[in-house]
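Following: one structure in structure tokens, then a few remarks.
The values are calculated or read from the model by the stated rules, or taken from the named source; none is laboratory data. Keep in mind that this is a model prediction, so the values were computed, not measured. As a convention, Cβ positions derive from the backbone with ideal geometry for all residues, glycine included, and neighbour counts pool all protein chains shown.
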């Protein structure tokens with residue numbers, strides 16, 4: 001029954017009761033003396049007072065249902081002098097009542113689909129996606145009712161502009177971590193162990209923190225809107241600057257303006273959006289909601305999309321200088337396709353992409369002793385990425401594919417074939433200046449691709465959410481290079497999230513990386529002489545045990561709107577030849593298998609990467625999303 005009808009009925013009942021009491025009072029007064037008449041009047045007044053209080057309580061409930069302040073709140077509000085009318089001030093346009101916004105069900109943290117991807121999904125994933133393609137674009141008539149930069153009703157930090165709107169958003173996340181590399185007991189071929197403290201170490205980490213603005217603006221061409229997003233990384237616990245360690249060096253400055261997903265484009269709610277800029281690729285975004293550990297030590301990017309076990313996550317990355325199309329929701333189906341031109345004049349992708357500070361895929365030319373000094377440690381040329389999904393809550397299904405062209409990994413070979421030609425060698429010299437067989441060297445520039453399928457289902461009104469993903473990675477090198485190919489394998493992910501209360505949840509995850517065709521070998525895992533190599537040119541071997549498993553769990557507690565505290569435990573158990581880490585993806589401080597040998601991070605360094613580590617970590621953190 002409508003609230004207005006309920007209110008009228010309540011008032012009618014109260015009035016009838018008062019009249020009955022009033023009619024009864026005089027008749028009793030005629031039968032009583034003057035003293036008892038006074039008592040009856042007093043009792044009548046008490047009854048009327050109680051009825052008025054009951055009526056006020058009913059009215060307060062009705063006001064609450066209609067979103068109006070109660071009388072007590074209005075009475076308690078401080079009085080503000082009315083402002084004098086401005087001279088020649090036009091009359092303000094009448095305000096239309098705001099449309100009531102229905103919030104999604106209040107469920108425990110990260111049991112709400114899309115809540116793990118604040119960069120692309122915001123507070124309400126569907127609302128933000130619709131805004132991006134113009135679904136919520138105000139009409140001209142609606143704009144006339146709002147002032148410039150007037151706050152838009154709702155939870156989002158959105159404001160009206162002339163012909164559009166703009167929304168500010170962000171994610172702030174800092175954790176205190178205690179982590180061990182778990183390689184202290186390992187030994188190399190000389191019987192020596194890792195250098196430095198390989199045990200438990202504390203750190204403060206800024207994780208996946210950023211602020212940004214996104215908005216729409218009417219173009220005046222039918223329903224076509226100009227859309228934009230500008231997003232930058234925030235460093236809370238560390239100073240902004242270039243990223244450098246004894247195994248990598250980058251020129252990209254983190255914490256400066258617009259280092260993250262930023263774009264402009266045109267969109268229509270009927271046809272979708274065409275965008276230009278840089279963004280997490282569709283391949284990455286397609287399964288983001290399946291990962292309740294985004295930005296944590298146990299982020300599934302430790303293994304999923306990570307071809308070699310390092311920190312770069314080649315198939316879970318942001319692609320610069322890209323253009324892409326994002327479709328509208330077509331009866332539950334959505335698809336996205338992206339193309340990123342290589343912008344590389346070199347035929348083997350060993351140059352910096354035009355206009356970029358780093359090699360495509362990360363790192364500087366020659367960092368970590370990668371010789372020769374070039375983009376030869378995973379740099380690629382063109383890239384394509386696509387995804388398709390079907391959503392009918394609580395069911396979500398997706399499939400995605402991504403391909404990188406001309407991926408240059410020649411530094412894997414220059415590190416392997418590092419032994420000088422013996423002085424007494426009289427055979428044919430079929431080697432370049434780095435002692436690598438020329439045919440091998442030229443062939444180690446090849447395409448790489450990845451494909452995956454994922455599914456998520458929420459049980460018991462989404463209080464129990466189960467996610468699963470299977471992935472295949474492939475590197476297209478000739479058969480004679482398979483002996484060192486660690487970039488080709490299968491991977492799997494399984495996650496479970498349970499709401500413990502309206503403010504608490506527990507998530508558990510397991511990621512597995514399976515064996516690769518070959519292994520180039522690391523500091524402590526090179527035992528086999530390389531084909532066509534000299535004594536000392538050693539690699540890991542064919543079909544060796546380089547499988548890895550990562551287990552993780554997180555307990556979350558919602559403190560307030562968008563504010564969550566969490567405790568995350570994660571462990572990566574590498575088999576003898578594997579070297580997967582912790583924190584790959586969005587976690588600020590990453591823990592890998594490098595020891596403390598050689599602090600120089602450029603081409604003169606000689607980092608030691610130890611395979612077979614048992615990495616473990618515990619984090620306690622706080623996250624604020626808006």
*Within the stretch 567-593, which residues are buried (at least 23 other Cβ atoms within 10 Å of the Cβ) and in a strand (DSSP E or B)?*
568, 570, 572, 574, 582, 591
_Test result for residue 406, on the phi > 0 side of the Ramachandran plot and modelled with pLDDT under 95_ = no
*Does the stretch 439-446 contain at least one residue that is modelled with pLDDT of 75 or more, assigned to a strand (DSSP E or B) and under 39 Å from the mean Cα position of the chain (by Cα)?*
yes
*All but one of (1) part of a loop (DSSP other than H, G, I, E, B); (2) modelled with pLDDT of 95 or more hold for residue 620; which doesn't?*
(1)
*asked:* I'm trying to understand the selection: among the residues of the stretch 563-582, which are over 24 Å from residue 418 (Cα atoms) and over 24 Å from the mean Cα position of the chain (by Cα)?
replied: 573, 574, 575
*If you go through the stretch 181-203 one residue at a time, how many are touching a strand residue (DSSP E or B) at 6+ places or on another chain (Cβ under 8 Å), surrounded by fewer than 20 Cβ atoms within 10 Å (Cβ to Cβ) and touching a residue at least 60 places away in the same chain (Cβ under 8 Å)?*
1
*If you check 534, 577, 597, 573, which single one turns out to be farther than 22 Å from residue 194 by Cβ and in contact (Cβ under 8 Å) with a residue 24 or more places away in the chain?*
534
*Please state which one of 558, 614, 625 is more than 30 Å from residue 439 (Cα to Cα) and at pLDDT below 90.*
625
_Going residue by residue through the stretch 540-554, is there one that turns out to be over 30 Å from residue 449 (Cβ atoms) and assigned to a loop (DSSP other than H, G, I, E, B)?_
no
*Going through the stretch 276-318 one residue at a time, which ones are touching a helix residue (DSSP H, G or I) at 6+ places or on another chain (Cβ under 9 Å) and assigned to a strand (DSSP E or B)?*
279, 280, 318
*Go over the candidates 549, 606 one by one and state the one that is over 20 Å from residue 208 (Cα atoms) and either touching a helix residue (DSSP H, G or I) at 6+ places or on another chain (Cβ under 6 Å) or outside the structural domain of residue 177 (by TED's automatic domain parsing) (or both).*
606
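Listed here are the residues, each with its yes/no results for (1) over 30 Å from the mean Cα position of the chain (by Cα); (2) part of a loop (DSSP other than H, G, I, E, B); (3) surrounded by fewer than 17 Cβ atoms within 10 Å (Cβ to Cβ); (4) on the phi > 0 side of the Ramachandran plot.
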residue: 456; (1), (2), (3), (4): no, no, no, no
residue: 462; (1), (2), (3), (4): no, yes, no, yes
residue: 465; (1), (2), (3), (4): no, no, no, no
residue: 470; (1), (2), (3), (4): no, no, yes, no
residue: 507; (1), (2), (3), (4): no, no, no, no
residue: 525; (1), (2), (3), (4): yes, yes, no, no
*Got a sec? Which of 332, 362, 342, 378 is buried (at least 23 other Cβ atoms within 10 Å of the Cβ) and either touching a residue at least 40 places away in the same chain (Cβ under 8 Å) or in contact with a helix residue (DSSP H, G or I) (Cβ under 9 Å, 6 or more places away or on another chain) (or both)?*
378
*Residue among 540, 533, 560 that alone is more than 26 Å from the chain's Cα centre (by Cα), surrounded by fewer than 24 Cβ atoms within 10 Å (Cβ to Cβ) and over 20 Å from residue 291 (Cα atoms)*: 533
